[in-house]
Amino acid sequence: MLIGINAGFGDPIGPDFPFLERLGFNVVRQEIQFGADQDRIHLLVSEFVGSTLMPLFLLAGGKMGRPDGNRVEPNEIADLGVAVVNAAAVVGLERFALEIGNEPDIANDGYSQRPQDFAAAISQTRDRVRAMGFTGSIITGGIANLNNRGLAYVRGVLQPHGFPFPDDVVIGFHRYPETCEYHEKPHDGFASRDAEMDALAQIVASRPVACTEFGYHTAPEKRVFFEPATRRTDDRVADSVMFDFDFFNRRQCEMAVLFQLNDGPTDTSEGRYGIRTSTGAAKIVADRIEEQFGVTV
């Protein structure tokens, strides 16, 4: 299994490569945003040339929407895939993967309410990049979580929709914990973490799977409104991250991609997933990753 990190989010991250390589990461999930021009795409693709890190280019991430609130159309997501493959050919990047969209079950209503249209985006993107000779992994945009909502969405995507669904795509998923919990607690309705994965495996049959986001934030949160807020500790977050890398490996995922490289500026859930603080200091989880996977120079 490849281990990865979410980083960049549409901005260049080449200066961080030595740190990520030292920790032993294999993959960086980098976003190719809707509206990115040719120069930006070439920049983001070219910085991986010569690196040991393989990029997983996320096509039209976020909510899969436009600034006007409408969705990015399936053919437009496919256009981004074509642009990445073209840019890779120009700059000489031979090894990369593509992910089609992001968290479609909670994305723009045009996708969250219409899994058949997300299936069309997958099919169109796959067909166009394969016709260009791309042979790398193609991953379906990860459902937002391994819960009943997310699994129902995967089932809806894989139902017959009047066009062939490609048999060579990897099924993507994300996995985040319940409020205030660590790795041990399964989602509601499941007896164990293995039961979550068993449910996914039953839906996707023999298709390979990949976890393109997982993680644990340390911002304050409450189970119920009237309780005092609590935080996850850095020690136990590190334990949970290392458990998950091992768990997803045992469950034969193609890759597991941690969310994320850096904390943000605010003490909120979105701002406290990093393996580094907002000032660039490595956290305990980064040390644990390096101990387990790090490259000796």
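The values are calculated or read from the model by the stated rules, or taken from the named source; none is laboratory data. All of these numbers come straight from a predicted model, not from anything done at the bench. With ideal geometry, Cβ positions are generated from the backbone for all residues, glycine too; neighbour counts draw on all protein chains shown.
See the values below:
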| item | result |
| --- | --- |
| Close pairs from region 280-297: first of a type in the set (Phe, Trp, Tyr), partner surrounded by 15 or more Cβ atoms within 10 Å (Cβ to Cβ), Cβ under 7 Å, at least 6 apart | 293/3; 293/23; 293/24 |
| Matching residues in region 239-285 - criterion: being more than 14 Å from residue 177 (Cα to Cα), part of a strand (DSSP E or B) and under 14 Å from the mean Cα position of the chain (by Cα) | 255, 256, 257 |
| Answer from 91, 85 - the residue that is surrounded by fewer than 20 Cβ atoms within 10 Å (Cβ to Cβ), aliphatic (A, V, I, L, M) and either farther than 13 Å from residue 172 by Cβ or modelled with pLDDT of 95 or more (or both) | 91 |
| Residue 7 being buried (at least 23 other Cβ atoms within 10 Å of the Cβ) and of a type in the set (A, V, I, L, M, F, W, C) | yes |
| Search result, residues across region 167-202 that are surrounded by fewer than 15 Cβ atoms within 10 Å (Cβ to Cβ) and touching a helix residue (DSSP H, G or I) at 6+ places or on another chain (Cβ under 6 Å) | 189 |
| Residue 288 vs. criteria more than 17 Å from residue 242 (Cα to Cα), of a type in the set (D, E, K, R) and modelled with pLDDT of 95 or more | no |
| All positions within region 204-238 that are touching a Gly at 6+ places or on another chain (Cβ under 7 Å) and of a type in the set (Ser, Thr, Tyr) | 212 |
| Condition met for residue 209 (without any contact (Cβ under 8 Å) to a residue 24 or more places away in the chain and of a type in the set (Val, Ile, Thr)) | no |
| Selection from region 239-268 of residues that are under 19 Å from residue 185 (Cα atoms) and surrounded by fewer than 17 Cβ atoms within 10 Å (Cβ to Cβ) | 243, 246, 249, 250 |
| Residue selected from region 33-62 under the condition in contact with a strand residue (DSSP E or B) (Cβ under 8 Å, 6 or more places away or on another chain) and β-branched (Val, Ile, Thr), by the criterion surrounded by the most Cβ atoms within 10 Å (Cβ to Cβ) | 45 |
| Considering residues of region 193-226 that are among the β-branched types (Val, Ile, Thr) and either modelled with pLDDT under 95 or not in a helix (DSSP H, G or I) (or both) only, the residue nearest to the chain's Cα centre (by Cα) | 212 |
| Residue 94 vs. criteria within 26 Å of residue 37 (Cβ to Cβ) and touching a residue at least 60 places away in the same chain (Cβ under 8 Å) | no |
| The listed residue being at pLDDT below 95, in contact with a Gly (Cβ under 8 Å, 6 or more places away or on another chain) and closer than 19 Å to residue 27 by Cα, out of 241, 295 | 295 |
| Cross-chain or 6+ apart pairs with Cβ under 6 Å, region 252-269 first and under 29 Å from residue 209 (Cα atoms), then surrounded by fewer than 19 Cβ atoms within 10 Å (Cβ to Cβ) and of a type in the set (Asp, Glu) | none |
| Search result, residues across region 227-238 that are surrounded by 12 or more Cβ atoms within 10 Å (Cβ to Cβ) and assigned to a loop (DSSP other than H, G, I, E, B) | 231, 232, 233 |
